[in-house]
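To keep things clear, I will list the structure first and then write my remarks on it.
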Amino acid sequence: MVFHFSFTMQLIIVESPTKSQTLQKFLGKNYKVLSSFGHVRDLPKSTLGVDVEKNFQVKYIVPQKAKPKVKILKTEAKKAKEVILASVDYNEPILIADRKNTINQYRVGEFIDKAIDENFNLEKFKVPAFDFKSHKITFKNIKAVSRHPISEPLLEVSLDYGRRLKITASHSVFTKNKNGEIKEVAGKNLRVGDRLLIPTKLPNARKTIKEIDLLKEIYFNKNLCQKVFINSPVISQYRKEKVLAPKIGNFYQFQPRLIFSTGLIKNLRNEREKLGISQKALSEKVGCSQPQVCDWEQGNANPTLEFGKKYLSVLGYDLQTLSQQEVQIAPSSIQMAIQNALQNQWNDSRKSLTHTFQPLSRFTWEEIEKNFENDKKIEISRHNHIHKIPRFIPVNSDLMIFLGFFIAEGSYQQNAVKFSFGNKKIGGENDNIETIKNISKKIFNHSPSDFFDKTSNSIVLSSSLISFLMKDVFKIMGHSYEKTIPWIVFNVPASLQFAFLKGLFLGDGSLGKENIVFNTVSETLAQGIRFILLQNNILNGHTVCVPKRKNRRPMHFIAISGKTKLEATKQIWQDHYKSKSIENYLKNSSQNKKNFSLIEEQKEDLGLLKIKSIKTITPSTNMVYDFSVEGENFICGDGGVCAHNTDEDREGEAIAWHLA
């Protein structure tokens, strides 16, 4: 990590004394290079290194052996105007893989702020980085992050194809020397026409997501869990068995019964009287009460199996020798009452413990996992049971197309999901409308409403469960300028990513004679589209159109052109109503248009692009950010640019801390 102090003399501090000597040889007289000779701060050995009463604030000390060197560095630093840390802007886009290897798009500052504030275990997060030898790009572990107030100019470096990176003047990016070796270069030393190292491809996800367990997502949402019902044949049978199951303990009401015939009841009473046994004496021998014996002899009640056997035995009868016409073993009295209620009383009672639809809150999650983990027939419903959505939502091309259309044309209307299309008689809108209707029925078991007027058509899915899936599971915002790529799209195979892009393109794309273009007012969405295309080695360009009228947001255009790239993306545009113009272009275009590219010296996942402009801009916030990553680099920025990272031991931050 390099730190630059500027006043009348440029001071550079590095950790290694050997590196300081090498740098001094070619930097010239205007630079002074000093070494910190290793670490300049550490945790105290004699006491606890954190203050537990102040949110575990770390207590650093300067080791005794480092104090002389720190004194020298402080003296030299006083001759400089300020300490400058090399970093990137808050809003720079980046892909990050979390502890479950799920890839998602972030803004650099957004992630680092959260990582610091919530004390993330950063070793479980990864960012794309290249290997200096193989030129391959993989996800590599984040070792540390940093943020600090910006204290130097912020530069926006723009390359061909609209790739951009916002870095501080001292932050390094990469280029190649005449021998083809990768070398770093500071932002302040860049010039228009220089070539910078860029990724030509980003790694895909390592996981396969086959379905979304909507039931699980709802269960752990405390608010919605209380309002949802579930149903399946397995669940209905489970609840009945649980209600009817014998209870723990010797409860009289839950024991099987003996039902005596009228004739046997009379014979038993006569036998008692013949033996001269009173009801009181008989009850004592059986172990029950005298009124119970009285009820049995009058046919008003049935003895339990246990009492019945003793009752018969005392009177000289054996249950095994009696015929079914004389005695039958029946369920307990409570079981008989419940069965009668199930058949005749509780069919339509929503409070029933065995009603067809059961409140989700009635189950524990452990109970669901144990008994219904693979139950594909579970349906989820709200209180009216009008719309029943399947538990498992398949992650397939239909879902991806649906998500793509929603990003392009979707919004929320209270608890409903709405798609806004143009007049169905114009262009391909009728086909788009029918696509959404068919997918809604196939995936969500829902038939949406179709509203139309002279200029537009709206498709509305009036389902709070589908709305929850879109908002809370896929994290999709409602306004067009807030739209982003749903996290799941970064984590599916290329064919499904293209299905998503197909829905997005058919909803909000345009098709020319020689290219296809994605149109959006969301900068974050435009950057996400570029990341997806980069995951699939699809070269693309990004242009921004700033409207002249006030209160209008800039339009972002992501374009794909060239025969090779258009052929590779045919799945995206082939169902567009103007697709024949592209097909004719592909048939008739000359060979030299097939592989045209501005990328130079491409090797494996890396190449070079020329700088088109460099300008000083206003930072997004008063803070700037950096990663420390295995491999000393990471990839971020609009379209992807290779950036140098903070020293892996964060010594630059330590030096600056002590000099301050």
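Odds and ends about this structure:
- Selection status of ILE259, open to solvent by 90 Å² or more (accessible area, probe 1.4 Å) and at pLDDT below 95: no
- Matching entry among ILE538, ILE532 (being in contact with a strand residue (DSSP E or B) (Cβ under 8 Å, 6 or more places away or on another chain) and open to solvent by less than 10 Å² (accessible area, probe 1.4 Å)): ILE538
- Unique residue being over 20 Å from the mean Cα position of the chain (by Cα) and either surrounded by fewer than 19 Cβ atoms within 10 Å (Cβ to Cβ) or in contact (Cβ under 8 Å) with a residue 24 or more places away in the chain (or both) when the list is PHE130, PHE125: PHE130
- On the stretch given as segment 277-294, residues that are outside any helix (DSSP H, G or I), open to solvent by 40 Å² or more (accessible area, probe 1.4 Å) and closer than 19 Å to ARG257 by Cβ total 2.
- Test for GLU181: is it without any contact (Cβ under 8 Å) to a residue 60 or more places away in the chain and of a type outside the set (Val, Ile, Thr): yes
- Here the condition is being open to solvent by 60 Å² or more (accessible area, probe 1.4 Å), touching a Leu at 6+ places or on another chain (Cβ under 8 Å) and modelled with pLDDT under 90; of LYS81, LYS54, LYS59, it holds for LYS59 alone.
- Among helices (runs of 4 or more DSSP H) entirely within segment 393-474, having at least 2 residues that are more than 23 Å from VAL228 (Cα to Cα) and open to solvent by less than 30 Å² (accessible area, probe 1.4 Å) singles out 397-409, 429-444.
- Residue in segment 508-516 that is in a helix (DSSP H, G or I), closer than 17 Å to MET400 by Cα and in contact with a helix residue (DSSP H, G or I) (Cβ under 8 Å, 6 or more places away or on another chain) present: yes
- Scanning segment 281-311 for residues that are under 17 Å from ASN270 (Cα atoms) and touching a Leu at 6+ places or on another chain (Cβ under 6 Å) returns VAL293, GLY308.
- Within segment 160-206, the set of residues being open to solvent by 60 Å² or more (accessible area, probe 1.4 Å) and within 30 Å of GLU373 (Cβ to Cβ) comprises ASN204, ARG206.
- Filter result (part of a loop (DSSP other than H, G, I, E, B) and open to solvent by 50 Å² or more (accessible area, probe 1.4 Å)) within segment 92-111: ARG99, LYS100, ASN101
- Search result, residues across segment 267-276 that are open to solvent by 30 Å² or more (accessible area, probe 1.4 Å) and either within 60 Å of the chain's Cα centre (by Cα) or not small (Gly, Ala, Ser) (or both): ASN267, ARG269, ASN270, GLU271, GLU273, LYS274, LEU275
- Filtering LYS274, LYS280, LYS309 for residues that are of a type in the set (Lys, Arg), free of Cβ contacts under 8 Å to residues at least 60 places away in the same chain and closer than 21 Å to ILE334 by Cβ leaves a single hit, LYS309.
- Given (1) farther than 20 Å from LEU399 by Cβ; (2) touching a strand residue (DSSP E or B) at 6+ places or on another chain (Cβ under 6 Å); (3) small (Gly, Ala, Ser), number of the condition GLY509 does not satisfy: (1)
- From GLN497, GLN527, residue being farther than 20 Å from LEU165 by Cβ and within 26 Å of the chain's Cα centre (by Cα): GLN497
- Single residue of segment 320-334 satisfying the filter (at pLDDT 90 or above and open to solvent by 50 Å² or more (accessible area, probe 1.4 Å)) that is farthest from GLU306 (Cα to Cα): GLN325
- Members of segment 547-589 that are in contact with a His (Cβ under 9 Å, 6 or more places away or on another chain) and open to solvent by less than 40 Å² (accessible area, probe 1.4 Å): HIS556, ILE558, ALA559, ILE582
- Taking every residue in segment 425-444 that is free of Cβ contacts under 8 Å to residues at least 24 places away in the same chain and pairing it with any residue that is open to solvent by 50 Å² or more (accessible area, probe 1.4 Å), at least 6 positions away or on another chain, the pairs with Cβ-Cβ distances below 7 Å are ASN430/LYS424; LYS441/SER447.
- Selection of segment 335-370 for residues being surrounded by 14 or more Cβ atoms within 10 Å (Cβ to Cβ), under 18 Å from ILE230 (Cβ atoms) and at pLDDT 60 or above yields HIS355, THR356, PHE357, GLN358, PRO359, LEU360, PHE363, ILE368.
- Index of the failed condition, ILE386 passing every other in (1) open to solvent by 30 Å² or more (accessible area, probe 1.4 Å); (2) touching a strand residue (DSSP E or B) at 6+ places or on another chain (Cβ under 8 Å); (3) aliphatic (A, V, I, L, M): (2)
- Being open to solvent by 70 Å² or more (accessible area, probe 1.4 Å), at pLDDT 85 or above and in contact with a strand residue (DSSP E or B) (Cβ under 8 Å, 6 or more places away or on another chain) is a property that LYS603 lacks.
The values are calculated or read from the model by the stated rules, or taken from the named source; none is laboratory data. Nothing here was measured: the structure is a model prediction, and the numbers come from that model. Neighbour counts are summed over all protein chains in view; Cβ atoms, including those assigned to glycine, are modelled from backbone coordinates with ideal geometry. Heads up: the accessible areas ignore ligands, DNA and RNA and are worked out on the full protein's heavy atoms, side chains in. Shrake-Rupley method; radii C 1.70, N 1.55, O 1.52, S 1.80 Å.
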